[in-house]
Amino acid sequence: MLKMYINPNIKRGRINKEIYGHFAEHLGRGIYEGIYVGEDSPIPNTNGMRNDVVAALKAMKVPVLRWPGGCFADEYHWKDGIGPKETRKKMINTHWGGVVEDNSFGTHEFMELCAQLDCEAYVNGNVGSGSVQEMNEWVEYMTFDGVSPMTALREANGRKEPWKVKYFGVGNENWGCGGNMTPEYYGNLYRRYQTYVRDYDTENKLTKICCGANIDDYNWTKKVMETCFKGTPEHLHGLMDGLSLHYYTIPGEFWTQKGAATGFNEDEWYITMKKTLKMEELINRHGTIMDEYDPDKKIGLIVDEWGNWFDVEVGTNPGFLYQQNTMRDALVAGINLNIFNKHCDRVKMANIAQMVNVLQSVILTEGEKMILTPTYYVFYLYQNHQDATLVESYLQAPLTGTKEYEVPSLQESVSINEEGHLNITITNLSLNESYEIDSILTDWNAQDVKATILTGKMDDHNTFENPETVKLADFTDYTVTEQGIRFTIPPCSVLHLEVK
Ligand code: AHR
């Protein structure tokens, strides 16, 4: 029997709700069709947003939404997306599929979506092909309440009140699609652009996010931090609130063959898990470099793109990045979210890529139909951690895997919420082994347990014909002991225990 130790007396910090964030780019059917269908659509909608999708997302609790990209952000000119829809510019979305972007979803529509989801807005500005003035005016348009050309323009477009924008990204992947810059060059641009990303309203304090590294490019982190902080006066130290990190799990090779989303073998299962677990090393090592300039951890590591990236579904536009979602995705989500929770002292936000119909989505749509993916259910279970306090935990985890790829079988994180309930989430990566776990809770008399599980075979997924192959189920295989709870976690599963 394995042991799990939980000590609710040892508090490790607040799990920012934004760790459960999402990302929606102008890419494929992510926004258009997946979320926004327009007011005149036969698909039931409110101000153009699909009612079914919004309701499902609300039930899962989206705390923050990043928009408009991604690579699209550094080609996006926000003024193309305001004003009467008939006169908005039509353009080609050069990054993603070469389709016409009619700009019918712009700033007002994004803010409407955030209002319907009741979530924070994370707007990503354009450094790659945009000017300082353009970025400055966008922030002014969205958040200023005084007399100015931008507030007059906003009002002329039907919105008197400014919106609240909590997060603002100064460029995206500026080491790549956002301008192919060197870290020193971008670091200097960041200093300049962010100067004009102003807090116009004392009630709207922007959290400014600097473009961070791709995967393990530690040199980028080092050089950007150095450029922004080394030898700079004290008053400049507030110029950055967050530094991003992008890391996708790709079982194969990015450029040649990433691997199919379904129909994979056990080796591919375990290599996917192994690559996902690398997230912890990335957080530790980028975090160590940040510590040099920010020992008090005031600057958040913002993992604003993560998730599985597979080959697109056969017959779909390669630029639309549409992929199915199986129990493998559920485990990858569970692993990453447990890692983010356990590093909540440094990780202040994370955004899975992407919310609907793109990469590792929580929802897939086809015309008026909608299905929830296994990843959706993991976010649904883990919502209990949002804004809760991480507590000390340790779980014994024997190795599991194939001859080629071995990984620790179990990962956990535990938090205590405002009502004083413990929430325990555990992933079992093994495809064959169930594990009996004896949990020992310090100074805790377990009275009442509610347990829910997501489990199945590795390739199980939901389709429009069979939308409920994978879904949550009550879990009853536990007993309350004098010291805690004893339970058996089945293979290939994500388990949530709520303990009062
Ligand atoms: O999420 C898809 C793309 O992946 C984003 O546009 C880009 O930032 C990243 O390379």
The extension gain from ALA59 to ASP40, computed as 0.36 nm times the residue separation minus the Cα-Cα distance, is 4.3 nm
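Can you tell me the relative contact order of the range 15-387? Whole percent, Cα pairs under 8 Å, sequence separation 6 or more. Intermediate values should be presented prior to the final figure.
Details: 744 pairs, mean separation 79.1, N = 373.
With pairs under 8 Å counted, the relative contact order is 21 percent.
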Summed side-chain charge close to ILE363 - residues other than ILE363 whose Cβ falls under 13 Å, Lys, Arg +1, Asp, Glu -1
0
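Determine the shape class of the range 184-280: with a ≥ b ≥ c the square roots of the Cα gyration tensor eigenvalues, call it rounded for a/c under 1.5, and otherwise prolate if a/b is greater than b/c, oblate otherwise. Display every interim value, and only then the final one.
Details: a/c = 3.34, a/b = 2.37, b/c = 1.41.
In terms of gyration-tensor shape, prolate.
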By how many degrees, between 0 and 90 and to the nearest 10, does the Cα long axis of helix 183-195 differ from the longest principal axis of the chain?
70
Other residues with Cβ under 9 Å from the Cβ of TYR200 give, with Lys and Arg +1 and Asp and Glu -1, a net charge of -3
Based on alpha-carbon positions alone, could you give the equivalent ellipsoid semi-axes of the range 15-387 from the gyration tensor, as √(5λ), descending, whole Å?
29, 27, 19
Output for the range 413-500: chymotrypsin sites (Phe, Trp or Tyr not before Pro) sitting in coil per DSSP, at most 16 other Cβ within 10 Å, listed by number, reads PHE464
From the square roots a ≥ b ≥ c of the eigenvalues of the alpha-carbon gyration tensor of the range 300-348, which class results: rounded (a/c under 1.5), prolate (a/b over b/c), or oblate?
oblate
Crossing angle, helix 107-117 versus the chain [Cα axis fit, 0-90 degrees, rounded to tens]
30
Please determine, in degrees from 0 to 90 and to the nearest 10, the orientation of helix 132-143 with respect to the longest principal axis defined by the Cα atoms of the chain, where the helix direction is its Cα long axis.
70
Taking every DSSP beta bridge that has both residues in the chain, what percent is antiparallel when rounded to the nearest 5?
60
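Would you mind counting up the charge near ARG285? Only other residues with Cβ under 11 Å from its Cβ, with Lys and Arg at +1 and Asp and Glu at -1. Present the calculation step by step, with values, prior to reporting the outcome.
Details: positive: LYS222, LYS278; negative: ASP216, ASP217, GLU280, GLU281, ASP291.
Net charge in that neighbourhood comes out at -3.
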I want to check the label-to-label distance for THR469 and ASP145. Put each point 7 Å from Cα in the C-beta direction and report it in nm to one decimal.
5.2
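Given 0.36 nm per residue, what is the gain on full extension from THR488 to LYS79 after removing their alpha carbon distance, in nm?
Details: separation 409, 0.36 × 409 = 147.24 nm, distance 5.59 nm.
The span from THR488 to LYS79 would gain 141.7 nm if fully extended.
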Pair GLU406, ASP443: separation of 7 Å Cα→Cβ label points (nm):
3.9
Hey, if you put +1 on the Cβ of every Lys and Arg and -1 on every Asp and Glu Cβ in the chain, which of ASN45, ASN188, VAL391 ends up farthest toward the positive end of that dipole?
ASN188
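For n ≥ 4 DSSP H runs only, could you compute -39500 (n - 2.57) per run for the chain, divide by its residues and tell me the 222 nm figure to the nearest 500? Please report the intermediate quantities before stating the final value.
Values: 9 runs with 119 residues, N = 500.
The helix contribution divided over the chain gives -7500 deg cm²/dmol.
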Residue-ordered couplings for the range 487-499, obtained by feeding phi - 60° into the Karplus form 6.51 cos²θ - 1.76 cosθ + 1.60 and rounding to whole Hz (Gly and Pro as x), are 8, 10, 8, x, x, 6, 8, 10, 10, 10, 10, 10, 10
Amide H contacts of VAL127 (H built 1.01 Å from N, under 5 Å, at least 5 apart or other chain):
GLY171, ASN172
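Which order do peptides 87-94, 159-166, 381-388 fall in by mean Cβ count within 10 Å, highest first?
Numbers: 87-94: 13.0, 159-166: 16.6, 381-388: 21.1.
Listed from highest to lowest mean packing, they are 381-388, 159-166, 87-94.
Taking a ≥ b ≥ c as the square roots of the eigenvalues of the Cα gyration tensor of the range 130-256, is the shape rounded (a/c under 1.5), prolate (a/b larger than b/c) or oblate?
Working: a/c = 2.47, a/b = 1.62, b/c = 1.52.
Taking the square roots of the gyration eigenvalues as a ≥ b ≥ c, the range 130-256 is prolate.
Just so you know, all these numbers are worked out from the coordinates, no wet-lab data involved. Values in this document were obtained by computation on a predicted structure and should not be read as measured data. Heads up, the Cβs are rebuilt from the backbone with ideal geometry, glycines too, and the neighbour counts pull from every protein chain shown.
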